[in-house]
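A.B. asks: One structure, pasted below without further comment.
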Amino acid sequence: MIELILITLYKIIQGIQPLLVPICFLFTWLFLLSLVLTLYNTLRETNAIAKQMHQIPCTNCQFFTNDYRLKCTIQPRAANTEQAIDCSDYRSQ
């Protein structure tokens with residue numbers, strides 16, 4: 001019984017052997033393409049987040065204390081967050 005299974009498996013492998021190299025070649029290039037696209041999308045998203053974070057004006061505000069306990073004397077919960085981008089209390093130093 002086991003011999004029959006092994007012989008059948010051997011014949012199947014021998015039958016698809018000419019197709020294995022092109023299939024592996026195709027899957028390798030598809031993997032590399034997906035890797036490059038994932039890396040590109042990650043870099044693009046990181047760049048977009050960095051641009052948004054650079055719009056936060058807190059470090060140039062006169063109410064910014066640069067102390068981790070109280071970053072802003074007017075709006076401490078919004079200091080150094082995205083909520084501070086359009087802060088109505090912003091005063092340039």
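Since every read-out is calculated from the coordinates, none of them should be taken as a lab result. Please read these numbers as outputs of a predicted model, since none were measured by experiment. Virtual Cβ from ideal backbone geometry, glycine too; neighbours counted across all protein chains shown.
A.B. asks: Taking segment 17-35 as the region of interest, how many residues are of a type in the set (A, V, I, L, M) and either exposed (fewer than 10 other Cβ atoms within 10 Å of the Cβ) or not in a helix (DSSP H, G or I) (or both)?
C.D. replies: 2
A.B. asks: Select from segment 1-33 the residues that are under 40 Å from the mean Cα position of the chain (by Cα) and β-branched (V, I, T) and list them in ascending order. Before the answer, list the steps.
C.D. replies: To start, the set of residues in segment 1-33 that are under 40 Å from the mean Cα position of the chain (by Cα) comprises 13, 16-33.
I13, I16, V21, I23, T28, listed by residue number.
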